[in-house]
Every structure is written in structure tokens, then in C-alpha cells.
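Just below is one structure, and these are the notes that go with it.
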Amino acid sequence: MSENIIRHDWTKEEIAEIYHKPIMELIFESAVMHREYHDPSEVQVCTLLSVKTGGCSEDCKYCAQSVRYDTDLKVERLMEVEKVLETAKQAKEAGSTRFCMGSAWKNVRDNRDFDHVLEMVKGVSAMGMEVCCTLGMLTEEQARKLKEAGLYAYNHNIDTSREYYDKVITTRSFDERLETIENVQKANISVCSGGIIGLGESEQDRISMLHTLSNLETHPESVPVNALVPIKGTPMESNERVSVWDMVRMIATARLIMPKSMIRLSAGRLEMPTAEQAICFMAGANSIFAGDKLLTTPNPGFADDTQMFELLNLKPRKAYKETNHFDMAFAD
Ligand code: SAM
Ligand code: DTB
Ligand code: SF4
């Protein structure tokens with residue numbers, strides 16, 4: 001293991017210097033760092049399932065599920081527990097080791113729906129998969145209940161920089177997001193937190209977002225880097241498509257400043273040819289969302305990803321490995 005120290009005191013200037021390195025140098029350095037902490041042939045394969053779709057009261061300007069935009073999305077009630085468990089079983093059979101359930105909620109409420117989500121968590125955990133949820137804001141008490149049910153990780157993205165945040169969302173604050181992350185950490189649940197690029201933010205905003213993530217007391221165990229999937233009907237429907245080099249810079253910088261974290265090449269893969277995804281893996285990405293649907297939008301299917309893994313000599317990372325990443329992440 002290297003003598004690199006996991007730092008939580010990065011300055012924006014230092015992060016900017018890394019982010020702006022000549023691209024080949026940046027990829028080389030992040031690839032070296034990646035090899036210090038991870039097996040570069042392993043990629044974590046997570047499956048996403050939207051267990052409660054649409055009808056969300058929030059105004060996140062990128063999102064297909066907000067009631068405020070006319071996005072042609074059919075609003076659905078919370079899925080039946082059995083149906084969710086059936087989907088998780090299929091994902092496991094297809095090689096997925098993490099199952100992430102998402103709901104279009106501003107926050108979790110202590111009602112029957114939450115009781116059903118707890119049953120879903122118990123059921124998926126019993127299958128030996130790492131269970132993750134993304135249900136919006138959470139109190140410490142609710143986080144503890146999820147932990148007791150077997151929750152392994154909780155996804156709550158900061159989405160963008162503190163400075164740009166209110167250009168994207170006005171119905172809940174950046175600090176509320178950080179509070180939820182804190183509540184999750186207090187319950188000893190592993191944190192998955194990252195953001196989106198392509199929202200119209202500047203490079204300085206991207207650096208600022210990475211600054212916030214890398215200066216958390218414990219680095220998130222996983223850091224999803226999403227490219228905006230433009231949704232018709234939302235205020236961001238016409239945003240310009242993110243370039244692969246911007247994804248690479250984000251991934252490589254995240255890898256260099258949060259070396260132990262899993263960096264997830266998240267939304268946006270459908271538009272990326274295998275060669276572009278390969279550069280992202282080279283730059284330190286080691287996790288993907290698999291399965292032909294993200295929450296509401298299409299994603300490459302298992303068959304396509306299997307082919308890509310074969311071509312790139314990658315293999316899915318096992319769940320709960322001996323060198324448990326959860327313990328590693330909490331051992332800074
Ligand atoms: N409602 C919960 C919340 O907002 O925390 C959980 C689900 S929400 C859809 C999860 C995350 O997905 C968002 O925070 C955002 O980072 C990402 N996301 C949503 N729509 C997206 C889009 N169109 N393109 C890229 N990422 C998106
Ligand atoms: C994350 O960072 N990206 C995922 C997951 N966490 C929940 C969601 C991507 C959503 C893409 C748009 C959609 O399918 O609606
Ligand atoms: Fe609701 Fe989450 Fe979409 Fe925001 S991102 S509108 S909170 S579902």
C-alpha cells in the first residue's frame with residue numbers, strides 16, 4: 001500500500017491545479033493512483049430500480065420526476081415488495097452485486113410506504129447483495145431503521161457546487177443535503193454521494209463540488225459522476241451534451257483526491273462508445289450502473305456491458321469482499 005495520506009483538507013486551488021493538468025498527464029497520474037488502492041480489472045456493477053416513480057414535489061431542473069415539468073412520465077405508486085425482490089434476484093443472476101432502490105421523494109416520511117421500503121431492504125440484503133437506497137432527505141432515526149433492516153449504502157448527491165446550487169434547485173438547500181449525509185454517517189451506513197455535470201455549471205463549480213466531497217470528514221465510499229441526461233420538458237432539456245474529456249477530468253480528479261472511494265461512471269453511458277468508457281475506467285472509474293434502465297431513462301443492457309467487460313478484460317467486483325471496502329472507507 002502506498003504512503004499516500006487520505007486528505008480532507010484539499011484547497012480549491014489544489015483541486016483546480018489537478019483538474020487542469022494536461023489531459024494525458026492527468027489520466028496517467030490517476031491510473032497510477034487507482035492501482036495503489038484498487039484492482040484495476042474490477043468494476044462494481046450496481047443495478048438501479050425506481051421503486052416509486054414520478055410525482056415529486058421538488059423542482060430539480062434536471063429531473064424527469066418533478067411534478068413541476070411536463071415530462072410525459074407516468075406517475076406510479078410504490079412498487080410491491082415481491083416485485084422488487086424478483087427484480088433484485090434477476091439483477092443478481094445477471095452479475096450485479098449492488099442493488100439501489102430510488103424513490104421520487106423529497107424526504108422519507110414515517111408511514112406505510114417507508115415500512116414497505118424497510119421490507120425491501122431486508123429482502124435484498126438477505127440475497128447477499130449490497131443494498132443501497134436513494135429516497136431523498138433522511139433523519140438520523142430513519143437512517144438507523146434502514147441500517148437495522150440491512151441497508152449497506154445510501155445515495156444522496158450534492159449534485160453541484162454550493163455556489164451554483166440555487167440555479168438548479170430551490171426547494172431544498174445545499175446544507176440540508178449535507179445534513180442528510182451526516183445522518184447517514186451517524187447510522188454507520190456507507191455514503192454514496194456525487195453529482196451531475198452538464199447543468200450549465202462552470203469548471204470552477206465542478207472544482208467546488210469536488211472540494212465539498214473531498215473535505216467531508218469521511219470521504220464518500222462511492223462517488224457517482226453523472227452526465228446530465230437531458231429530459232424533454234425540463235428547463236435543462238436543451239443543455240449541451242457533456243464531452244467525454246469533461247467526464248474524464250471529473251473522474252480522474254475525484255480518483256486523485258479521494259483515492260479509496262469507488263468512482264462511478266453513472267448516468268450518460270448510453271451515449272458513450274466503448275472507447276470513451278474505457279478512458280473513464282483508465283482514469284479511475286471503477287463502478288457503473290448496469291441494466292437497461294437507470295431510474296426513468298435508458299441505459300446499456302447487461303448484454304452490452306458483458307461484451308464491453310470482455311473486450312476491456314474487466315470483471316464485476318464481488319460483494320462484501322474480504323478487504324471490505326466499507327471498513328476501508330471508515331478507516332481514514
Ligand atoms: N429523490 C431522491 C433525491 O433527489 O435525492 C432520490 C432520487 S434522485 C433522481 C437521485 C439523483 O439522480 C439526483 O440527485 C441526481 O444527481 C441524479 N439524476 C436525476 N436525474 C438526472 C438526470 N436527468 N441526469 C443525470 N443525473 C440525474
Ligand atoms: C446517481 O448518482 N445517479 C442515479 C442514481 N444515483 C440514483 C440516477 C441517474 C438518473 C438518470 C435519469 C433518470 O433515469 O431519470
Ligand atoms: Fe424529486 Fe429527487 Fe427528482 Fe429532485 S431529483 S425532483 S428530489 S426525484
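Can you name the residue in the stretch 258-299 that is assigned to a loop (DSSP other than H, G, I, E, B) and aliphatic (A, V, I, L, M) and is also surrounded by the most Cβ atoms within 10 Å (Cβ to Cβ) among such residues? If you could, list the steps in order and put the result at the bottom.
Going through the stretch 258-299, the residues assigned to a loop (DSSP other than H, G, I, E, B) turn out to be 258-261, 266-268, 272-273, 283-286, 291-292, 294-297, 299.
With aliphatic (A, V, I, L, M) added as a condition, the list becomes 258, 267, 272, 283, 285, 294-295.
Details: 258: 27, 267: 23, 272: 18, 283: 27, 285: 29, 294: 21, 295: 22.
Within the stretch 258-299, the match that is surrounded by the most Cβ atoms within 10 Å (Cβ to Cβ) is 285.
Kindly indicate the residue of the stretch 53-87 that is within 14 Å of ligand 1 (Cβ to nearest atom) and β-branched (Val, Ile, Thr) and also surrounded by the most Cβ atoms within 10 Å (Cβ to Cβ) among those meeting that condition. The extreme case among them is 53.
Among what's in the stretch 148-164 and is buried (at least 18 other Cβ atoms within 10 Å of the Cβ) and over 18 Å from the mean Cα position of the chain (by Cα), pick the residue that is nearest to residue 91 (Cα to Cα). Break it down stepwise before answering.
Narrowing the stretch 148-164 to residues buried (at least 18 other Cβ atoms within 10 Å of the Cβ): 149, 151-161, 164.
Of the ones still in play, those that are also over 18 Å from the mean Cα position of the chain (by Cα) are 149, 164.
Values: 149: 20, 164: 36 Å.
So, considering only residues that are buried (at least 18 other Cβ atoms within 10 Å of the Cβ) and over 18 Å from the mean Cα position of the chain (by Cα), the one nearest to residue 91 (Cα to Cα) is 149.
Looking across the stretch 165-176, just one residue is surrounded by 20 or more Cβ atoms within 10 Å (Cβ to Cβ) and either more than 17 Å from residue 61 (Cα to Cα) or free of Cβ contacts under 8 Å to residues at least 40 places away in the same chain (or both), and that is 165.
Filter the stretch 217-241 down to residues that are in a strand (DSSP E or B) and of a type in the set (A, V, I, L, M, F, W, C) and give me whichever is farthest from residue 285 (Cα to Cα).
Kept after step one, since they are in a strand (DSSP E or B), are these residues of the stretch 217-241: 222-227.
Restricting the remaining residues to those that are of a type in the set (A, V, I, L, M, F, W, C) gives 223, 225, 227.
Values: 223: 9, 225: 9, 227: 14 Å.
Within the stretch 217-241, the match that is farthest from residue 285 (Cα to Cα) is 227.
Taking residue 112 as the residue in question, decide whether it is away from ligand 3 (no atom under 16 Å from the Cβ), out of contact with any strand residue (DSSP E or B) (no Cβ under 9 Å at 6 or more places or on another chain) and modelled with pLDDT under 95.
On the way: away from ligand 3 (no atom under 16 Å from the Cβ): yes; out of contact with any strand residue (DSSP E or B) (no Cβ under 9 Å at 6 or more places or on another chain): yes; modelled with pLDDT under 95: yes.
Here the answer is yes, as residue 112 does meet what is asked.
Could you go through the stretch 127-138 and let me know if any residue there is more than 16 Å from ligand 2 (Cβ to nearest atom) and either among the charged types (D, E, K, R) or without any contact (Cβ under 8 Å) to a residue 60 or more places away in the chain (or both). There is at least one residue in the stretch 127-138 that is more than 16 Å from ligand 2 (Cβ to nearest atom) and either among the charged types (D, E, K, R) or without any contact (Cβ under 8 Å) to a residue 60 or more places away in the chain (or both).
The values are calculated or read from the model by the stated rules, or taken from the named source; none is laboratory data. Everything quoted here is computed from the prediction, not taken from an experiment. Note: ideal-geometry Cβ built from the backbone for every residue, glycine included; neighbour counts use all protein chains shown.
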